[in-house]
Amino acid sequence: MGNGRILGIAYNVIPVKDIEVSAAWFVKHFGFNIRHQRDGYLSLFRGGRPILDLIQSDNETRATFQIGQQKRWVITFYTDDIIALHQYLTSEHVKVGSISDEGKYGKFFVLEDLDGNVFDVWEHHDCELNF
């Protein structure tokens, strides 16, 4: 039996306009696989690990917020090769920001999906992530 503590985050839920189009975008650009699809809802996995749930929304609410005039993200993806991922997404015309190297804190860039949801991408080689 477990110890009754939080072990991590199982899903991050984001709103999308068209669930089929958005799912195809995430599958193409990030290699996610689709699971648990039902009306207006599906889960995206990386292998056997849940990553995102897409929920079809009929309004303009997005998984983002603003500080001043700058859009901010609520979800950070992790990569082991930020330069290769950034080059690939750029070649695919994905809306990405430039890579920021913050030394001991790692490297980052921001991207937007088709619906305007904002995500951070992070590379760091001195931390423990369970996959």
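What follows is calculated from the coordinates using simple rules that are stated; it is not laboratory data. Everything numeric in this text was worked out from a predicted model, so none of it was measured. Cβ placement follows ideal geometry from the backbone for every residue including glycine, while neighbour counts extend to all protein chains displayed.
crowded, with 16+ Cβ neighbours inside 10 Å, out of contact with any Phe, Trp or Tyr (no Cβ under 9 Å at 6 or more places or on another chain) and not in a loop (DSSP other than H, G, I, E, B) - does that describe any residue in region 23-38?
Looking through region 23-38, at least one residue is crowded, with 16+ Cβ neighbours inside 10 Å, out of contact with any Phe, Trp or Tyr (no Cβ under 9 Å at 6 or more places or on another chain) and not in a loop (DSSP other than H, G, I, E, B).
Specify which of the listed residues (Gly40, Gly97) is in contact with a strand residue (DSSP E or B) (Cβ under 7 Å, 6 or more places away or on another chain), touching a residue at least 12 places away in the same chain (Cβ under 8 Å) and closer than 15 Å to Leu111 by Cα.
Among Gly40, Gly97, only Gly97 is in contact with a strand residue (DSSP E or B) (Cβ under 7 Å, 6 or more places away or on another chain), touching a residue at least 12 places away in the same chain (Cβ under 8 Å) and closer than 15 Å to Leu111 by Cα.
Could you grab me the full set of residues in region 101-123 that are over 28 Å from Glu60 (Cβ atoms) and either in contact (Cβ under 8 Å) with a residue 40 or more places away in the chain or in a helix (DSSP H, G or I) (or both)?
Across region 101-123, the qualifying residues are Gly103, Lys104, Tyr105, Glu123.
Considering only region 39-52, state which residues are small (Gly, Ala, Ser) and outside any loop (DSSP other than H, G, I, E, B).
Ser43
I'd like the residue in region 1-22 that is in contact (Cβ under 8 Å) with a residue 24 or more places away in the chain and assigned to a helix (DSSP H, G or I) and, out of all such residues, is nearest to the chain's Cα centre (by Cα).
Ser22
Exactly one of (1) assigned to a loop (DSSP other than H, G, I, E, B); (2) surrounded by 13 or more Cβ atoms within 10 Å (Cβ to Cβ); (3) free of Cβ contacts under 8 Å to residues at least 40 places away in the same chain is unmet by Arg62. Its number?
With respect to (1) assigned to a loop (DSSP other than H, G, I, E, B); (2) surrounded by 13 or more Cβ atoms within 10 Å (Cβ to Cβ); (3) free of Cβ contacts under 8 Å to residues at least 40 places away in the same chain, Arg62 is out only on (3).
Taking region 117-131 only, how many residues are surrounded by 15 or more Cβ atoms within 10 Å (Cβ to Cβ) and either under 13 Å from the mean Cα position of the chain (by Cα) or more than 22 Å from Asn12 (Cα to Cα) (or both)?
6
For region 68-100, name all the residues that are assigned to a strand (DSSP E or B), out of contact with any helix residue (DSSP H, G or I) (no Cβ under 7 Å at 6 or more places or on another chain) and closer than 15 Å to Val118 by Cα.
Gln70, Lys71, Arg72, Trp73, Ile75, Thr76, Phe77, Tyr78, Lys95
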